[in-house]
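What follows is a single structure, written as structure tokens, with notes after it.
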There are 2 protein chains.
Amino acid sequence: MYGENAPPSWARLPGARCRAVEHLTKLEGLQEFELLAGLDEGFFQALAIASEVLEIGAGTALYREGEPSGAVYFMGEGRAKLYRSSGGRKARDQILGVVGDGSVLGLASALEGKPQSQGATALTDCVLYAVFRDDLVHLMASYPETSLRLARVLAARTRELEDLVGDLVFHSAPQRVARMLLDLATEEGRVTKRGVVFHPSLSRQEMAEATGISREALSRTLSRLAQEGILDLGGGKTVTILKPAELRART
Amino acid sequence: MYGENAPPSWARLPGARCRAVEHLTKLEGLQEFELLAGLDEGFFQALAIASEVLEIGAGTALYREGEPSGAVYFMGEGRAKLYRSSGGRKARDQILGVVGDGSVLGLASALEGKPQSQGATALTDCVLYAVFRDDLVHLMASYPETSLRLARVLAARTRELEDLVGDLVFHSAPQRVARMLLDLATEEGRVTKRGVVFHPSLSRQEMAEATGISREALSRTLSRLAQEGILDLGGGKTVTILKPAELRART
DNA sequence: GACGGTATTTGATCCAGGTCACACACGACT
DNA sequence: AGTCGTGTGTGACCTGGATCAAATACCGTC
């Protein structure tokens, strides 16, 4: 589907535009990553040189499944979903994870030097630092500590994927929905006297894809929870978890 | 379930015994790993010092889920299954992968320094090289190329787990069974005039756990395939794939 | 406010696969 | 040989969630 030498997808993103933020230089932005905290000054210099700041609007695809992997992306600001598509005619998607500030995207495929095994799409406007594959490998060789940290990132991703598999196989749809809501809430929620309130960054369709069920089934499950007084699906797209404990019990 | 300071499980394995193989020293065994090919002589010296040869019998658990991670294991000979258990009363298992010679086990948990996120059990008699966690990290720091290689191992594991998720979500049970059979056959099969013959290292129960379905459903699916002349479930536990192409078409 | 397009809800139906129950096959031990 | 125990095959049933179909809510635009 994509030629071996196709340009990196972000180069042709409609949402991509030059970054024009004065209060934060590229170097300073990179130094904010907890993942890289404590590494050499020289490392950051080299990383700043090797990287590009990238700003994309909500909804734009960072990279797609099958596309050649040209770079890894450090997420400075924003949220994105990682997903896989079924090859078939009626292409369903499965969301593998939703990542936020401080995460690394596309690392596995970049290290393997294989095409992207997943797609990534911005859920909100994002600020990213792109590091090209060869530069990354070179940096890892020059600054050994970096390799170790990135290996740990991959280890964590491995665990998350195992959790996902376990969730899909062992738990029923309502249980998975409950967990998904709790996960979203801890990332995006604000605690009030009524409960935890949030504007989900995921549409119903995407929530369904994250839980591995159909959109209709998700809708029904949410309605049921609302009916039982555990959730409040307030007017303007807001979701309020009225009884977090009740919800947790359904996991 | 396991105390923080429990001894590593292999120390109390009934199947564990001293290795008494003359024709192969520990050093030579380690140098056979493709994963480590081309690394410094010094590295292998250090690795040999830091590692223990371990021989376990078929069916013994190498480590269990939740157990503290003390070491990584390089699989020299044999096959093992990696799995997750559902916490519940009727503990179901899900097999995450079946690995053979040259694989690394328990790497992710060791790097994270967290308890094992999975269990590992020998399917056949195995020869393993155990490297303790701290030694591994030290080696990775001293020999940067090692970190890169291990990071690539984790990247590959990540892709495999994504594949598993996709398989579970997108494909039906018969499709997953077909793929499982083909995977097993390529690993363990021998091509004959009748088709691909093999003694599965997995029991029916385990095949079911690998495909994420019930034992009964697996049994039925196999019978169906046999009825259709695609498979021959010969007397003595052998499986023969009579029509590999037909089977592949069912994926 | 009317209109067209998209996202979501709700209802009705169907079936893949889980679960239960039991029969059978095989090996190990006495 | 008998008899456990463990693995496996098969039938009968039932349900969770997919799928199809249609109604409704929600936008932005004119």
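The values are calculated or read from the model by the stated rules, or taken from the named source; none is laboratory data. Remember, predicted model here, so these are calculated numbers, not experimental data. A quick note on method: Cβ atoms are made from the backbone with ideal geometry, for glycine too, and the neighbour counts reach across all protein chains shown. Side chains included, ligands, DNA and RNA excluded: accessible areas come from the protein's heavy atoms. Shrake-Rupley method; radii C 1.70, N 1.55, O 1.52, S 1.80 Å.
Of the helices (runs of 4 or more DSSP H) lying entirely inside region B:177-251, those containing at least 3 residues that are surrounded by fewer than 18 Cβ atoms within 10 Å (Cβ to Cβ), modelled with pLDDT of 95 or more and within 16 Å of DNA strand C (Cβ to nearest atom) are B:215-227.
Number of residues in region B:112-146 that are away from chain A (no Cβ under 14 Å) and either part of a strand (DSSP E or B) or of a type outside the set (Asp, Glu) (or both) equals 11. For A:Gly195, only one of the following conditions fails: (1) within 13 Å of DNA strand D (Cβ to nearest atom); (2) away from chain B (no Cβ under 14 Å). What is its number? Tallying (1) within 13 Å of DNA strand D (Cβ to nearest atom); (2) away from chain B (no Cβ under 14 Å), A:Gly195 fails exactly one: (1). Among the residues examined, A:Ser142 does not qualify as polar (S, T, N, Q) and either touching a Pro at 6+ places or on another chain (Cβ under 6 Å) or open to solvent by less than 40 Å² (accessible area, probe 1.4 Å) (or both). Selection over region A:221-238 of residues that are away from DNA strand D (no atom under 12 Å from the Cβ) and at negative phi gives a count of 9. Please tell me if B:Arg248 is within 14 Å of chain A (Cβ to nearest Cβ), away from DNA strand D (no atom under 16 Å from the Cβ) and of a type in the set (D, E, K, R). No: the conditions fail for B:Arg248.
Sub-8 Å Cβ pairs linking a first residue in region A:149-178 that is at the interface with chain B (Cβ under 7 Å from one of its Cβ atoms) to a second residue that is of a type in the set (Asp, Glu), at least 6 apart or interchain, are A:Arg152/B:Glu112; A:Ala155/B:Glu112; A:Ala156/B:Glu112; A:Arg159/B:Glu112; A:Leu161/B:Glu162, ordered by first then second residue.
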